[in-house]
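Let me begin by presenting the structure, written as structure tokens, before commenting on it.
The values are calculated or read from the model by the stated rules, or taken from the named source; none is laboratory data. Source: prediction; values computed, not measured. Note: ideal-geometry Cβ built from the backbone for every residue, glycine included; neighbour counts use all protein chains shown.
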Amino acid sequence: MMLIAAGWISILLLLGGVALDRTLAGLIEKNFDEQLEYMLTAMIGAAEIGPDGEVFFNRPLGDQRFLEPNSGLYWQISGKGHEDFPSRSLWDRSLKVGRGPAGHDVLFYNSNQFAGEPLRVIERSIVLPGSDTRWWFTVAAARDELDLQIRQVRSILVWSFVVLGLGLFVLAMLQTFYGLVPLRRVRLAIQHIRATGTNRVTDPLPLEVQPMVDELNALLAHTERQAEEARTHAGNLAHALKTPLTVVTNAASAHAPDLAETVLRETNVMRRQIDHHLARARAVGRRAAGQARANVWDSVAGVERAVARLYEECRFDVAGNRQAMVSLERQDLDEILGNLLENAAKYGGGSVFVTVDAEPGGALCTVLVEDDGAGIPDAERTRIFDRGARLDTGKPGTGLGLAIVRDVVEIYGGSVKLGESEDLGGLMVIVRLPRAAV
């Protein structure tokens, strides 16, 4: 920030200084030229043609420097076929005139015709009454005074702009230093969090950085929730594995005759528990990784082909919006739909109907999964989402399918609930998932 400020200050002061230098130098030169033009006008006003055809002045010119040799102020009148009529200040020198075209109003130019004495020259050609000759009236003045004034102005400008630039740069440094004090206070507050073990920034801070502090506290709260979720998942997994391991251990210790069957059954339970918690962990990790997108129709089609191989007698119908996109990872969406379609095929009567984006236009994409089975009573619709809860124990399963669906959907900010299918008469699962941004 300091380097950028210094760069811009230098550029702007340089451009401003150049512009101001040219303006002031032009004004000084213009004032100098106006004085020369005034002298030239006085010369022309006092000039007449004598009886011999030569030019003379009917009154003396007012500036005494015209009478002092080499004074730095000169005039000269020249005409073709006539001798030059110079001022006494020229002494034994003469001015080279006739630079401009005939009839030109006034011509200003710089000249170095005198060694060591640069001149500012003004000339004008005119035909005087009583003469057919075009006369060149010239006034020249040494540029020493003009150049001295320009140098003095430039010196003042340079020092003024240097002081101004240093002052602005020091001010920018102070502004940057004191403007970043709140950020240093935030850094100290974060250091205090690490040193004391607190979980929030509670120090009073300026309003300018308060939104950042609020976001930081929100991030800390989010991290704390994730850590708590991880601890909860680890505890739930340990608790879920504890019972099957106890059963296997007891069966092995008692040398039970159905040990192999018990090991296979309890191993399957442990595998499903592990799959359940891995699904939750994957969903949490992917949600934190960034914005994901998945096409619901493509996921339904892929899951349907897989489930149809297991339940060949079941008929699947899919309708709705083929372009519906949700903010989920494709693998997690397949996990959700896979559990729902498998349950519908397993516990239904042979027909499964899936509607994609049943309520278009909202912030959530609604997916309906209906079957023609016996359904679930209202009193059991809440309990069925609990891990291990099963209503039909006559068919193989672990009771974790709907629990996985609920956990993964809620991790992504969606919801799932159960209802009754009006068309098929069985269970209807209503899943609402966050719609992906266009």
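Each residue in segment 332-358 was checked for being farther than 19 Å from Glu410 by Cα and charged (D, E, K, R), and 2 pass.
Every residue in segment 83-98 that is surrounded by 19 or more Cβ atoms within 10 Å (Cβ to Cβ), at pLDDT 85 or above and assigned to a loop (DSSP other than H, G, I, E, B), please. Steps first, answer last, please.
Filtering segment 83-98 for residues surrounded by 19 or more Cβ atoms within 10 Å (Cβ to Cβ) gives 86-87, 89-90, 95, 97.
With the extra rule that they be at pLDDT 85 or above, the set shrinks to 86-87, 89-90, 95.
Passing the criteria: Ser87, Leu95.
Looking only at residues of segment 194-251 that are at pLDDT 80 or above, of a type outside the set (Val, Ile, Thr) and under 28 Å from Asn268 (Cα atoms), we find that the one that is surrounded by the most Cβ atoms within 10 Å (Cβ to Cβ) is Ala251.
Of everything in segment 391-412 that is touching a helix residue (DSSP H, G or I) at 6+ places or on another chain (Cβ under 8 Å) and part of a loop (DSSP other than H, G, I, E, B), the residue that is modelled with the highest pLDDT is Tyr412.
Among the residues examined, Lys80 qualifies as assigned by TED's automatic domain parsing to the domain that holds Phe137, in contact (Cβ under 8 Å) with a residue 24 or more places away in the chain, within 20 Å of Val121 (Cβ to Cβ) and surrounded by fewer than 13 Cβ atoms within 10 Å (Cβ to Cβ). For Arg143, the criteria (1) in contact (Cβ under 8 Å) with a residue 40 or more places away in the chain; (2) assigned by TED's automatic domain parsing to the domain that holds Ala25; (3) more than 22 Å from Glu48 (Cβ to Cβ) hold in every case but one, which is (1). Every residue in segment 1-36 that is loosely packed, with under 15 Cβ neighbours inside 10 Å and acidic (Asp, Glu), please. Listed by number, the list holds a single entry, Glu34.
Residues of segment 118-143 that are surrounded by 13 or more Cβ atoms within 10 Å (Cβ to Cβ), modelled with pLDDT under 90 and not in a strand (DSSP E or B): Leu128, Ser131, Thr133.
Restricting attention to segment 290-324, the residues that are outside any helix (DSSP H, G or I), of a type in the set (D, E, K, R) and under 15 Å from Val352 (Cα atoms) total 4.
The residue pairs whose first member lies in segment 283-304 and is at pLDDT below 90, whose second member is of a type in the set (Phe, Trp, Tyr) and outside any strand (DSSP E or B), and whose beta carbons are closer than 7 Å, counting only pairs six or more residues apart or on different chains, are Ala283/Tyr412; Arg287/Tyr412.
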